[in-house]
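Engineer: I am attaching a structure below and will ask some questions about it afterwards.
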């Protein structure tokens, strides 16, 4: 078996990261994921590996983390995100796809719908109302996407967001 290598690397305090994420909306709720005890949540997904197409990477990540087959649909956003986290300066390229999960995937809105284990981490998945205040309470990152679920674009949009702290 060949070794898998993600497209994420560190150069001093600068990190490049290539990520894919799924926008899963059901009954005016969006699925989010918290890793371990992080104080923020992300959309489900993960890092792309060398030689892997972004849609295939998302399919793989959903299968690994949510333990189900997803339908990865159209690209919604292509984003260049610049931010700081844990002393690292990130330059992240991210692709956000519309994703449909099987009907039998749990839809529990009064607590986590799924707790999974992946690569030594505990992943907790929640359905959060598609409301900016609820997404702020869960601290969904990146911040710019919090306002985008109600009116998803008809065509893919390219977004450049710089959340680094300015001196």
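Engineer: Can you report the number of residues in the range 122-138 which are exposed (fewer than 13 other Cβ atoms within 10 Å of the Cβ) and either out of contact with any helix residue (DSSP H, G or I) (no Cβ under 9 Å at 6 or more places or on another chain) or within 19 Å of residue 26 (Cβ to Cβ) (or both)?
Structural biologist: Going residue by residue through the range 122-138, those that are exposed (fewer than 13 other Cβ atoms within 10 Å of the Cβ) are 122, 133, 136-137.
Subsequent filtering for residues that are either out of contact with any helix residue (DSSP H, G or I) (no Cβ under 9 Å at 6 or more places or on another chain) or within 19 Å of residue 26 (Cβ to Cβ) (or both) retains 122, 133, 137.
Residues meeting the conditions: 3.
Engineer: Still on this model: Go over the candidates 98, 116, 94 one by one and state the one that is under 19 Å from residue 20 (Cβ atoms), surrounded by 14 or more Cβ atoms within 10 Å (Cβ to Cβ), in contact with a strand residue (DSSP E or B) (Cβ under 9 Å, 6 or more places away or on another chain) and at pLDDT below 95.
Structural biologist: 116
Engineer: Could you count how many residues in the range 116-151 are assigned to a strand (DSSP E or B), over 22 Å from residue 75 (Cβ atoms) and either in contact (Cβ under 8 Å) with a residue 12 or more places away in the chain or within 16 Å of the chain's Cα centre (by Cα) (or both)?
Structural biologist: Counting residues in the range 116-151 that are assigned to a strand (DSSP E or B), over 22 Å from residue 75 (Cβ atoms) and either in contact (Cβ under 8 Å) with a residue 12 or more places away in the chain or within 16 Å of the chain's Cα centre (by Cα) (or both) gives 11.
Engineer: Hey, could you check the range 65-89 for residues that are touching a strand residue (DSSP E or B) at 6+ places or on another chain (Cβ under 6 Å) and outside any strand (DSSP E or B) and say which is farthest from residue 35 (Cα to Cα)?
Structural biologist: 70
Engineer: In this structure, does residue 161 turn out to be touching a helix residue (DSSP H, G or I) at 6+ places or on another chain (Cβ under 7 Å), part of a strand (DSSP E or B), within 17 Å of residue 27 (Cα to Cα) and in contact (Cβ under 8 Å) with a residue 40 or more places away in the chain?
Structural biologist: In short, no.
Engineer: Taking residue 40 and the conditions (1) surrounded by fewer than 18 Cβ atoms within 10 Å (Cβ to Cβ); (2) under 27 Å from residue 154 (Cβ atoms); (3) touching a residue at least 12 places away in the same chain (Cβ under 8 Å), which numbered condition does it fall short on, given that it satisfies the others?
Structural biologist: Here residue 40 clears every test but (2).
Engineer: For residues that are surrounded by 13 or more Cβ atoms within 10 Å (Cβ to Cβ) and either in a loop (DSSP other than H, G, I, E, B) or modelled with pLDDT under 95 (or both), tally how many sit in the range 47-63. First the steps, then the outcome.
Structural biologist: In the first step, residues of the range 47-63 are kept if they are surrounded by 13 or more Cβ atoms within 10 Å (Cβ to Cβ); the result is 47-49, 52, 54-62.
Of the ones still in play, those that are also either in a loop (DSSP other than H, G, I, E, B) or modelled with pLDDT under 95 (or both) are 48, 52.
Residues that pass the stated criteria total 2.
Engineer: Filtering the range 64-73 down to residues that are touching a residue at least 40 places away in the same chain (Cβ under 8 Å) and surrounded by 13 or more Cβ atoms within 10 Å (Cβ to Cβ), which residue is nearest to residue 144 (Cα to Cα)?
Structural biologist: Taking the range 64-73 and keeping what is touching a residue at least 40 places away in the same chain (Cβ under 8 Å), we get 64-67, 70, 72.
Adding the requirement that they be surrounded by 13 or more Cβ atoms within 10 Å (Cβ to Cβ) leaves 64-66, 70, 72.
On the way: 64: 27, 65: 24, 66: 25, 70: 25, 72: 22 Å.
Out of the qualifying residues, it is 72.
The values are calculated or read from the model by the stated rules, or taken from the named source; none is laboratory data. In this text, all values refer to a predicted model and were calculated from it rather than measured experimentally. Backbone-built Cβ (ideal geometry, glycine too); neighbour counts: all protein chains shown.
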